[in-house]
Amino acid sequence: MKEIIEENKKLIIILGALLLISIILFFLITFHKKGNSVYINSYVSKLEAKDINLDENICDIDNVLKYSNIPYFNINNELFSQINEEIMTDFLLRTCYQSGFIDYEASLNDNILSVAINISYDTDDDLAYLEYKTYNINVDNNTIMNNSEILKRFNVSKNDVENVVLSKLKEYYEYEKDKKYLTNQSFNDYLDILDYKAIKTSNMQLYIDDKNHLYIFKDYTLSEGMSIDENFPYITTKFKVK
């Protein structure tokens with residue numbers, strides 16, 4: 001046994017070193033994610049009932065907050081107060097009056113706090129809609145970065161973004177045609193069904209995730225009687241740009 005250990009001493013040392021490095025890396029990554037999450041929460045966290053004051057006759061806040069994750073910015077300045085007011089308007093409209101649901105994700109890369117809000121709601125004609133709103137905030141000077149600045153940061157153009165989305169939609173089109181979900185519709189017909197509108201720099205909903213990847217959220221308005229879940233079960237609304 002001793003001879004075997006001596007013969008494999010170098011291998012044992014190498015394996016031990018690799019194991020130690022793996023353990024250190026695991027704790028560093030875990031600590032970084034936890035620390036980053038805590039840091040993000042110092043800027044934006046889930047809305048709580050204590051953050052707002054609404055008449056219970058208007059909205060059952062506790063019930064709404066039970067099922068929705070609504071972002072609330074904790075920084076007390078004009079910019080974040082304005083964003084909170086915008087979110088509260090959608091919160092009341094979609095969750096109190098239209099049986100909607102709100103969820104969000106947030107990340108922090110360098111000095112950019114990126115928040116993406118997903119708002120789904122039903123209308124009187126029983127159609128389900130998805131809307132997206134993103135905020136990209138420079139936390140160094142508390143200003144909102146416009147889409148042109150974000151595109152420049154990632155060295156991509158409006159056409160690059162449009163091509164990414166259309167390319168992915170073309171994949172869905174071919175898949176659904178192959179599965180006989182579609183009959184004689186052309187790709188342009190498919191886009192018309194989705195009421196697809198060309199992407200403009202001004203109305204892009206851009207989001208930077210925690211791995212510093214750029215995404216765009218795209219919503220669609222479906223024809224009456226159609227829903228994304230039933231008619232386009234494999235379509236996505238979040239496209240990775242870079």
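The values are calculated or read from the model by the stated rules, or taken from the named source; none is laboratory data. Fair warning: this is a prediction, and the values are worked out from it, not measured in the lab. Reconstructed Cβ throughout: ideal geometry from the backbone, glycine too, with neighbour counts over all protein chains shown.
Filter segment 174-183 down to the residues that are modelled with pLDDT under 85 and not β-branched (Val, Ile, Thr) and list them by number. Before you say what the answer is, go through the steps one by one.
Filtering segment 174-183 for residues modelled with pLDDT under 85 gives 176, 179-183.
Scanning segment 174-183 gives GLU176, LYS179, LYS180, TYR181, LEU182.
Would you call ASN84 touching a strand residue (DSSP E or B) at 6+ places or on another chain (Cβ under 9 Å), modelled with pLDDT of 80 or more and over 30 Å from LEU194 (Cβ atoms)? It would help to see each step written out before you state the result.
On the way: touching a strand residue (DSSP E or B) at 6+ places or on another chain (Cβ under 9 Å): yes; modelled with pLDDT of 80 or more: yes; over 30 Å from LEU194 (Cβ atoms): yes.
Yes: the conditions hold for ASN84.
Within segment 169-180, can one find any residue that is of a type in the set (Asp, Glu) and touching a residue at least 24 places away in the same chain (Cβ under 8 Å)? First the steps, then the outcome.
Residues of segment 169-180 that are of a type in the set (Asp, Glu), as a first pass: 171, 174, 176, 178.
Narrowing the set further to residues that are touching a residue at least 24 places away in the same chain (Cβ under 8 Å) leaves 176.
Within segment 169-180, one or more residues are of a type in the set (Asp, Glu) and touching a residue at least 24 places away in the same chain (Cβ under 8 Å).
Could you please let me know if LEU169 is more than 25 Å from PHE73 (Cα to Cα), modelled with pLDDT under 95 and surrounded by 15 or more Cβ atoms within 10 Å (Cβ to Cβ)? Steps first, answer last, please.
On the way: more than 25 Å from PHE73 (Cα to Cα): yes; modelled with pLDDT under 95: yes; surrounded by 15 or more Cβ atoms within 10 Å (Cβ to Cβ): yes.
So LEU169 fits the description; yes.
Kindly indicate the residue of segment 175-188 that is surrounded by 13 or more Cβ atoms within 10 Å (Cβ to Cβ) and of a type outside the set (A, V, I, L, M, F, W, C) and also farthest from the chain's Cα centre (by Cα) among those meeting that condition.
Across segment 175-188, the extreme among qualifying residues is GLN185.
Which ones in segment 130-147 are surrounded by 13 or more Cβ atoms within 10 Å (Cβ to Cβ) and polar (S, T, N, Q)?
If the condition is that a residue be surrounded by 13 or more Cβ atoms within 10 Å (Cβ to Cβ) and polar (S, T, N, Q), then THR134, ASN136, ASN138, ASN142, ASN146, ASN147 are the ones that fit.
Taking the criterion of being modelled with pLDDT of 60 or more, surrounded by 10 or more Cβ atoms within 10 Å (Cβ to Cβ) and closer than 30 Å to ASP140 by Cβ, would at least one residue in segment 22-40 satisfy it?
Taking every residue of segment 22-40 in turn, at least one turns out to be modelled with pLDDT of 60 or more, surrounded by 10 or more Cβ atoms within 10 Å (Cβ to Cβ) and closer than 30 Å to ASP140 by Cβ.
Pairs, please: C-beta under 8 Å, at least 6 apart or cross-chain, first residue on the phi < 0 side of the Ramachandran plot and in segment 195-208, second exposed (fewer than 14 other Cβ atoms within 10 Å of the Cβ) and modelled with pLDDT of 90 or more?
If the second residue must be exposed (fewer than 14 other Cβ atoms within 10 Å of the Cβ) and modelled with pLDDT of 90 or more, the pairs left are THR201/SER148.
So, of the residues in segment 207-242 that are surrounded by fewer than 15 Cβ atoms within 10 Å (Cβ to Cβ) and assigned to a helix (DSSP H, G or I), which turns out to be modelled with the highest pLDDT?
Selected residue: GLU230.
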